[in-house]
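Notes for the one structure printed next.
Just so it is clear, none of the values below were taken in a lab; they were calculated from the coordinates. What you see is a predicted model; the values in this text were computed from it and never measured. Ideal geometry is used to build each Cβ from the backbone, glycine not excepted, and the neighbour counts take in all protein chains shown.
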There are 2 protein chains.
Amino acid sequence: MIRVVKEGGSIGIDFIRQLKLRSEETNKQVEAAVAEIIENVRTDGDKALLAYTKKFDGRIPDKMEIRRDEIKALADRCEPAFLNALQNAADNIRDFHMRQKQQSWMNTRSDGVIMGQRIRGLAKVGIYVPGGTAAYPSSVLMNAIPAKIAGVDEIVMVTPPGKDGKPNPEIMAAALTAGVDRVFLVGGAQAVAALAFGTESIPKVDKIVGPGNIYVATAKKQLYGTVDIDMIAGPSEILIIADETANPKFLAADLMSQAEHDVLASAILLTPSEKIAEQTVAQIYEQLEHLSRKEIIRQSLDRFGAVIQCRDVDEAVAFANELAPEHLEICAANPMEYIGKIDNAGSVFLGNFSPEPLGDYYAGPNHVLPTSGTARFFSPLSVDSFIKKSSFIYYTEEAMKAAQEDIIRLAKAEGLTAHANSIEVRR
Amino acid sequence: MIRVVKEGGSIGIDFIRQLKLRSEETNKQVEAAVAEIIENVRTDGDKALLAYTKKFDGRIPDKMEIRRDEIKALADRCEPAFLNALQNAADNIRDFHMRQKQQSWMNTRSDGVIMGQRIRGLAKVGIYVPGGTAAYPSSVLMNAIPAKIAGVDEIVMVTPPGKDGKPNPEIMAAALTAGVDRVFLVGGAQAVAALAFGTESIPKVDKIVGPGNIYVATAKKQLYGTVDIDMIAGPSEILIIADETANPKFLAADLMSQAEHDVLASAILLTPSEKIAEQTVAQIYEQLEHLSRKEIIRQSLDRFGAVIQCRDVDEAVAFANELAPEHLEICAANPMEYIGKIDNAGSVFLGNFSPEPLGDYYAGPNHVLPTSGTARFFSPLSVDSFIKKSSFIYYTEEAMKAAQEDIIRLAKAEGLTAHANSIEVRR
């Protein structure tokens, strides 16, 4: 099932290339269908939105917006232990993200010049939350809490109705816990388009975040520029670097926790220890049988899984930096000493008791992370994802006098004489 | 030439809509041509790059890379006063952007948990610098200095050769001043593709920034995701809010300094004062005759310029927030009191001695700003544009024990049993 490789160096680059190709599958048919949906929602608003809802979800909801008291009533139906766990997770996420908050600043000079950078939350943000079997309350927390901390005025959530035509109670509980302001029971590319343009019912937002199927992802990509979006997410991956002190039982469990997401997910173990490699493979076979999503796990490990016995830890680190994985676990005797060597990774999990699901649900850092090698240049979702900055400049007449000759010279060197004129008229 | 409107409210929304349409012109032919260039450079590297260089620039350069000593020799040819002005501008830009630098941080808890956020500069950044009549040394400073401060290891500049086949000396001087590491004499979509994939000669980078023509902009957009890009820039604009204390001579000059960029640029004055409105229009006619780019200015003002007499300052501010202009000048007796009212603007210029060209060249804040209303959600180019963040989590066995039941509950609520298993094996 999972490939086992004895010499890491021999497979490195080709395997990485193969993994990166996962994200390059585009679908012309989907693109055309989504472009049409977007155009119709832009032109016809609610009318188009409801027509698509009927077509794709099978029915038109009585009303699109879920009232606050309805959200509360649905949340109250959840188990108290679940609500308690959700609240603890939200507290941790809030604590971590509060530390990311940047302040506006200004600098004043003795010649009267004042300059600075203002930082404010976006006015309105839309959060897409998938329905059905992929209804993830954790995703609501991870997307809404940083927006709230950033100072976003209004957080609007869209989510498709369940098979019974009703909202998912756990999702409603998460919306309440995270501070979502309004909830609409619509989904698909049509909901994304409605958020981007606004309709009679749905407010127009400045940024759309959150996971979704290929229609949702394609709609976000096509609307980038009309609104901001979080990122172009590809299939997910975990890379584990383990030394001889690691626990094969843990390693196998962690690889499979990633593999269960999706048949395109990738789970790779790199270890210099032959024993760890062999025992981990054995543990995978043993544990797999008890897991409900074993078919997905099997397919994912088959295509994009690997246990690689590498020469040494340096080789493993080089492989990690080349792959730039979304999740990187370092299961080693002294994991801290590796952190400075890691150039590219979305989130780094250090030691034997920091498995990836700890980060997915609970510890505090965001679980929306750059995938498919984009950790080279993209960053985890954060409070910074929900702010807008603007600079300001106040110059006095005196300061302008001191600067004017330089500015005129630079403007003229660029042939922009009206720029020079704007300084000259102030002489 | 420039439209004059007596009642601001009556034209507001339609005019804004018309302005925003400027950025929505896409060109299918350009898109197809660029897609082909990208595919060929990806497959054939230098061979394709040189073939396109020959086709579009008329000749193949003897060698693509400009050596350090050649850059210095070219820079030395510039006028000393120009070099001095460039250095002063660079000092101001550096001073402002140094204040944007974020630090990595960590949080340690008494139960042994350590979490934090690492911040590092991108490894390699590519800067596109146009050649010909649009060769702007100021653009080199504005793009390279924040990258340098962010800690980027290697800044690679590409710029097309001049008509004589040689690099532009002012551009080389700016590259030297700003700390650009390598310079290649290639341009167009093919140079952008070369930076994104790497070729035998050109290093592969993580992010591509800088202005360019429609081929360059389209290439950047198509390669977004393979690399990061700065922003999707549309035509530029200035909005000036002036009270009765403003100077019509200054206002006219500032409107035209924006209009000279491009026939699609937009320059708008909003003032409650009939006198200021009339005198500004008169000043535009008077000053225009002396400006070398008067044809561009005339066309730009014709289509996208306006002097609007509004009811009061509140109406002007509401218009500004709706338009979300790239540049906003506030020429008023006490400009500071407006700053808190401005929700959306790339850069705000306060008072009568802070004209927009001061920001374009000299004061320190970046001149790469969100255009066409995207200041609602995009921000000026900054040090943050050249960093990557990653989070890290270290949990102890004790901390994991305290968290495990909550995590298992959340994972099971989402149906992700392999996630729950990864916690359970650690019990």
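Summary value for segment A:45-229: 27 percent relative contact order, contacts being C-alpha pairs under 8 angstrom separated by 6+ residues. Could you sort out which of B:LYS54/B:LYS148; A:LYS207/B:LYS401; B:LYS20/B:LYS341; A:LYS54/B:LYS220; A:LYS221/B:LYS163; A:LYS412/B:LYS63 sit more than 27 Å apart by Cα distance in this structure? From B:LYS54/B:LYS148; A:LYS207/B:LYS401; B:LYS20/B:LYS341; A:LYS54/B:LYS220; A:LYS221/B:LYS163; A:LYS412/B:LYS63, over 27 Å: B:LYS54/B:LYS148; A:LYS207/B:LYS401; A:LYS54/B:LYS220; A:LYS221/B:LYS163; A:LYS412/B:LYS63. Note on B:GLU405 and B:THR133: the extension gain reaches 91.3 nm, defined as 0.36 nm multiplied by sequence separation minus the Cα-Cα distance. Mean per-residue shielding of peptide A:88-101 is 3, counting Cβ atoms of other chains within 10 Å of each Cβ. Fewest-first ordering of A:SER391, A:SER104, B:SER110 by other beta carbons within 10 Å of each residue's beta carbon gives B:SER110, A:SER104, A:SER391.
GNM on chain A, alpha-carbon springs under 10 angstrom: the most fluctuating residue among A:PRO146, A:PRO370, A:PRO167 is A:PRO167.
Given R0 = 41 Å, the distance between the Cβ atoms of A:ASP46 and B:GLU274 translates into a calculated FRET efficiency of 0.45. In nanometres and ascending order, the distances from the B:GLY162 label point to those of the other copies are 7.1 (point 7 Å from Cα along Cα→Cβ).
Across every pair of non-identical alpha carbons in the protein assembly as shown, the mean reciprocal distance, once inverted, gives a Kirkwood radius of 28.4 Å. Look at B:LYS249, B:LYS47 and count the other Cβ atoms within 10 Å of each Cβ; fewest to most, that gives B:LYS47, B:LYS249. Of B:HIS367, B:HIS290, B:HIS419, the sequence from fewest to most neighbouring Cβ atoms within 10 angstrom is B:HIS290, B:HIS367, B:HIS419. A straight chain from A:ASP62 to A:ARG77 at 0.36 nm per residue would run longer than the Cα-Cα distance by 3.3 nm. Other residues with beta-carbon under 13 Å from the beta-carbon of B:ALA420 carry, at +1 per Lys or Arg and -1 per Asp or Glu, a net charge of -3.
Each other copy holds its own label point for A:GLY58; taking that point as 7 Å from Cα along Cα to Cβ, the gaps run 6.7 nm, nearest first. DSSP assigns beta bridges within chain A; of those with both partners inside it, close to 30 percent run antiparallel. Can you tell me which of A:ALA90, A:ALA259, A:ALA73 moves the most in a GNM of chain A? Springs connect C-alpha atoms under 10 Å apart. Checking each option, the largest mean-square fluctuation is seen for A:ALA73.
Relative contact order for chain B: 21 percent, from Cα pairs under 8 Å spaced at least 6 residues apart, divided by residue count.
Taking all Cα pairs closer than 8 Å and separated by 6 or more residues, the relative contact order of segment A:270-402 comes to 19 percent. A:ARG99 label point (Cα plus 7 Å toward Cβ) to equivalent points in the other copies: 2.7 nm, shortest first. Helical runs assigned H by DSSP (4 residues or longer) give chain B a calculated mean residue ellipticity at 222 nm of -14000 deg cm²/dmol, each run adding -39500 (n - 2.57) before division by the residue total. Mean per-residue shielding of peptide B:220-232 is 3, counting Cβ atoms of other chains within 10 Å of each Cβ.
Considering only B:LYS341, B:LYS20, B:LYS401, the mean-square fluctuation computed in a Gaussian network model of chain B, springs between alpha carbons under 10 angstrom, is largest for B:LYS401.
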